[in-house]
Amino acid sequence: MKPIRSILLTAFLILAVFSSVTYTACHKDKCNNVTCLNLGVCDGGNCLCDIGYEGIRCEQLSRDKFVATFNGYDLCNINDTNRFHQYTLRFLAIQSKPLEFEMKDFIENPDDSAACTVQSTDSFTFFGSNNGTTFNGYGTLRKDTLRLSYKVQIDTNSYTCKYIGGSLW
């Protein structure tokens, strides 16, 4: 009886070890060797990035792709008349703020600039004010095409515009 008990105990232990190895081999933690940067979180082996970051490991600032010069035009509806105007916009990084950048030469005025805030990997909002004129809106960047939709308020008058431009570099 003793040899049968030893054989059964050995068989049980072998089965337990085999089951344990099989279970752990099939259910590996896909995030075990994944390091996400900038507050990114691993889910199923992929990093889910916080707003303002992108890349395989959330290593890139989303803001950096907006920092460029764009040549384009806007179409504004002023007093029920469409106005077409071509000009260049420049976007500059604000080094101390990874989610923000500055839009310069807005409406072709070197004195008009806007503070921009990243909303997602390809969109941002902006706001600016100069000498009684305020403007705010949102923008998107897909491939090398910048699109803005915004409202301009001059004293008590307001109008809406859309800008489309391509990256110069």
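The values are calculated or read from the model by the stated rules, or taken from the named source; none is laboratory data. This structure is a prediction, so every number in the text was calculated from the model and none was measured. Glycine also receives a Cβ, built like all others from the backbone with ideal geometry; neighbour counts cover every protein chain displayed. Please note that ligands, DNA and RNA were not included when accessible areas were found on the heavy atoms of the full protein model with its side chains. Shrake-Rupley method; radii C 1.70, N 1.55, O 1.52, S 1.80 Å.
Condition first: touching a residue at least 12 places away in the same chain (Cβ under 8 Å) and not charged (D, E, K, R). Now tell me which residues in the stretch 158-169 satisfy that.
159, 160, 161, 163, 164, 165, 166, 167, 168, 169
Give me the pairs: first residue in the stretch 69-81 and charged (D, E, K, R), second residue exposed (fewer than 12 other Cβ atoms within 10 Å of the Cβ), beta-carbon distance under 8 Å, and six or more apart or on different chains, which are they?
Correct list of pairs: 74/84.
If residue 127 meets every condition in (1) farther than 21 Å from residue 166 by Cβ; (2) without any contact (Cβ under 8 Å) to a residue 24 or more places away in the chain; (3) open to solvent by 30 Å² or more (accessible area, probe 1.4 Å); (4) out of contact with any strand residue (DSSP E or B) (no Cβ under 7 Å at 6 or more places or on another chain) apart from one, which number is that one?
Going through (1) farther than 21 Å from residue 166 by Cβ; (2) without any contact (Cβ under 8 Å) to a residue 24 or more places away in the chain; (3) open to solvent by 30 Å² or more (accessible area, probe 1.4 Å); (4) out of contact with any strand residue (DSSP E or B) (no Cβ under 7 Å at 6 or more places or on another chain) one by one, residue 127 breaks only (4).
Which is out of contact with any Ser or Thr (no Cβ under 6 Å at 6 or more places or on another chain) and within 30 Å of residue 33 (Cβ to Cβ), of 97, 65?
Residue meeting the stated conditions: 65.
Filter the stretch 104-124 for residues that are in contact (Cβ under 8 Å) with a residue 24 or more places away in the chain and within 21 Å of residue 83 (Cα to Cα); which is surrounded by the most Cβ atoms within 10 Å (Cβ to Cβ)?
The qualifying residue surrounded by the most Cβ atoms within 10 Å (Cβ to Cβ) is 106.
Of all residues in the stretch 154-169, count the ones that are open to solvent by less than 60 Å² (accessible area, probe 1.4 Å) and either closer than 19 Å to residue 117 by Cβ or outside any strand (DSSP E or B) (or both).
Residues flagged as open to solvent by less than 60 Å² (accessible area, probe 1.4 Å) and either closer than 19 Å to residue 117 by Cβ or outside any strand (DSSP E or B) (or both) within the stretch 154-169 amount to 1.
Can you find a residue that is more than 30 Å from residue 160 (Cα to Cα) and modelled with pLDDT under 90 anywhere in the stretch 108-120?
No, the stretch 108-120 contains no residue that is more than 30 Å from residue 160 (Cα to Cα) and modelled with pLDDT under 90.
Hey, could you check the stretch 46-81 for residues that are more than 14 Å from the chain's Cα centre (by Cα), open to solvent by less than 60 Å² (accessible area, probe 1.4 Å) and not aliphatic (A, V, I, L, M) and say which is farthest from residue 160 (Cα to Cα)?
Ranking the candidates gives 69 first.
Against the condition farther than 30 Å from residue 38 by Cα, of a type in the set (D, E, K, R) and in contact with a helix residue (DSSP H, G or I) (Cβ under 7 Å, 6 or more places away or on another chain), how does residue 155 come out, does it pass?
Against the criterion (farther than 30 Å from residue 38 by Cα, of a type in the set (D, E, K, R) and in contact with a helix residue (DSSP H, G or I) (Cβ under 7 Å, 6 or more places away or on another chain)), residue 155 does not qualify.
Any residue that is over 16 Å from residue 161 (Cβ atoms), touching a strand residue (DSSP E or B) at 6+ places or on another chain (Cβ under 8 Å) and of a type in the set (Gly, Ala, Ser) - is there at least one of those in the stretch 95-107?
No, there is no match, as no residue in the stretch 95-107 is over 16 Å from residue 161 (Cβ atoms), touching a strand residue (DSSP E or B) at 6+ places or on another chain (Cβ under 8 Å) and of a type in the set (Gly, Ala, Ser).
Residue pairs, Cβ under 7 Å, 6 or more apart or interchain, first in the stretch 138-150 and closer than 14 Å to residue 121 by Cα, second open to solvent by less than 30 Å² (accessible area, probe 1.4 Å) and assigned to a loop (DSSP other than H, G, I, E, B). List them.
141/66
Identify, from the list 38, 32, the residue that is open to solvent by 100 Å² or more (accessible area, probe 1.4 Å), modelled with pLDDT of 65 or more and within 44 Å of the chain's Cα centre (by Cα).
The match here is 32.
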